[in-house]
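What follows is a set of notes on a single structure, which appears directly below.
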Amino acid sequence: MKLYNSLTSKKEKFETIKEGELSLYVCGPTVYNYIHIGNARPVVFFDVVKRYFSYLGYQVKYVSNITDIDDKIILEAEKLKINENDLTKVFIEAYFEDVARLGSLEPTLSPRATEYVPEMIFYIADLIAKGYAYEGEQGVYFRVLKVADYGKLSNQQIDELISGARIAENKDKENPLDFTLWKKTTLGLNYDSPWGKGRPGWHTECACMNDVIFNDLIDIHGGGSDLKFPHHENEISQAKALYNHSLARFWLHVGRLDMDQEKMSKSLGNIILVRDLLKETPYQAFRMLILAHHYRQPINYSASLMEQFNNEWERVKRALNQALLELTINSYKKINYDEILIDDFKKALNDDFNTANGLTVVFEAIKNLNKAEQLAEKAQYYYTATLLLSIFGISLDQQKLTKEQIKDYKAWQTLRKEKRYQEADEIRIRLIEAGIL
Ligand SMILES: [Zn+2]
């Protein structure tokens, strides 16, 4: 397998550190609102990464954190005049509902930042002891210039970064690039520490949880491409300071999802929430739309693009449902696969997770299914397509037909043969509604 490593800006051969095991950490949401369809892209993509490695026989440890302590949370809670814990509780629940709606599996572990504060204090103290961090009046800061290669992940030169950071210069820091590990504050949720009351900074939350949970260099660290700088750059610099490694061997970044060629943002009012989209749109169609694009490429979302994938999914669903119906009615139980198509699919995914090519293979299986005449052939393409779709986290809503539906279908066929079209049509409508015809 080859994967594009953002850390080296190259496609590299990928092998897990421990044979048969994959360690994967993906930066999760800051929980103060509902997630939108742009936030959903990494949730879908890394779920496919997990599913694919599981299919290949790997034991996957997939960790995705919840940032439940942050300035944005404090501000939103103040605005709503509620307690921060009450706010985050609502949006953590909403987040997992949306993950399920998207057809994504829950990660192996979803650590909340607030559960790891004592560990974060130790982590920061360790950085201070090793000379990589210092205490100022308003907080504890990381000495960025002390680590080599800062800026490598985001392809930025240290000089450019420094002149960029000067604009927001803070007299409390030795260098404008230094970032906050601990913020001294009594505002909102705060904790006792050797540096007074306060709370950890976002970059240290992820770096520390990674350390506590995996306790070593991991295989893949992922997230949206907007997290490369400063978040991931800062996570790496902390791991370098303490362990002289870059936290993960491979850094994977998922491209943006834009709305009608504009960045989705609250101020532009062009945000679509996951829960709103999926009221009308099948999650399968939305996953297809996402996976039809290579994960590093941007997606230019539009209503017409969504419509196109709605139609694609309808077409796929109808072919699968009809095949299922025929296999069921004829009690055909033999399961077999088209190994060539499965191989093509694996080749696509092994090439830097080219899900777009993977989806083409699924469509090929559907095309063959529609042309197939023998039951054995139908079974082969039916099971191949459903297997490949399951790796994409896409399944038929209904895997089995009810006795009533089978009876309906048989009755419909008989009525048609007898040319009793009006009665046949009544049943036909029921079958269409059930997505069978
Ligand atoms: Zn993170």
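Okay, here's what the table says:
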{"read-out": "Distance-filtered residues of region 63-99 - backbone nitrogen under 15 Å, label point 7 angstrom along residue 170 Cα→Cβ", "value": "70-72"}
{"read-out": "Amide H contacts under 5 Å for residue 133, placed H, 5+ residues apart", "value": "128, 143"}
{"read-out": "Estimated distance in nm for a label pair at residue 75 and residue 163, the labels positioned 7 Å out from Cα along Cα-to-Cβ", "value": "2.9"}
{"read-out": "Summed side-chain charge close to residue 428 - residues other than residue 428 whose Cβ falls under 11 Å, Lys, Arg +1, Asp, Glu -1", "value": "-3"}
{"read-out": "Full-extension gain in nm, residue 414 to residue 86, via 0.36 nm per residue minus C-alpha separation", "value": "112.1 nm"}
{"read-out": "208, 27 arranged by Cβ crowding within 10 Å, fewest neighbours leading", "value": "27, 208"}
{"read-out": "Non-local Lys pairs in region 286-391, i.e. 8 or more apart or on different chains, that have alpha carbons under 14 Å apart", "value": "4"}
{"read-out": "Unit charges at the beta carbon, dipole of the chain: most positive-side option, 361, 391, 131", "value": "361"}
{"read-out": "Exposed GluC sites (Glu not before Pro) absent - longest run of the chain, DSSP non-H/G/I/E/B, at most 15 other C-beta within 10 Å", "value": "175-372"}
{"read-out": "Within the chain, helix-based [θ] at 222 nm, where runs of 4 or more DSSP H residues each add -39,500 (n - 2.57), nearest 500", "value": "-15500 deg cm²/dmol"}
{"read-out": "Residue-by-residue Karplus 3J(HN,Hα) for region 388-393, coefficients 6.51, -1.76, 1.60, Hz, glycine and proline x", "value": "5, 5, 5, 5, 7, x"}
{"read-out": "Residue among 194, 111, 176 with the largest mean-square fluctuation in a Gaussian network model of the chain, springs linking Cα atoms under 10 Å", "value": "194"}
{"read-out": "Point-charge dipole on Cβ atoms (K/R +1, D/E -1) for the chain, about Cα centre, debye to 20", "value": "1120"}
{"read-out": "Pair residue 432, residue 15: separation of 7 Å Cα→Cβ label points (nm)", "value": "5.7"}
{"read-out": "Exposure proxy ranking, count of Cβ atoms within 10 Å, fewest first, for 159, 425, 344", "value": "159, 425, 344"}
{"read-out": "Residue 197/residue 267 FRET efficiency (R0 35 Å; Cβ-Cβ; nearest 0.05)", "value": "0.55"}
{"read-out": "Cut-off under 5 Å, modelled amide H: who pairs with residue 182 long-range", "value": "140, 201"}
{"read-out": "Charge dipole (the chain, unit charges on Cβ, about Cα centre) - positive-most of 311, 437, 217", "value": "437"}
{"read-out": "Where labels lie 7 Å past Cα in the beta-carbon direction, separation of residue 1 and residue 297 in nm", "value": "2.2"}
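A short reminder: the numbers here are calculations on the coordinates, not readings from a lab. Worth saying up front: this structure is predicted, and the values here are computed from it rather than measured. Because the Cβ atoms are built from the backbone with ideal geometry, glycine has one as well, and the counts that use them run over all protein chains shown.
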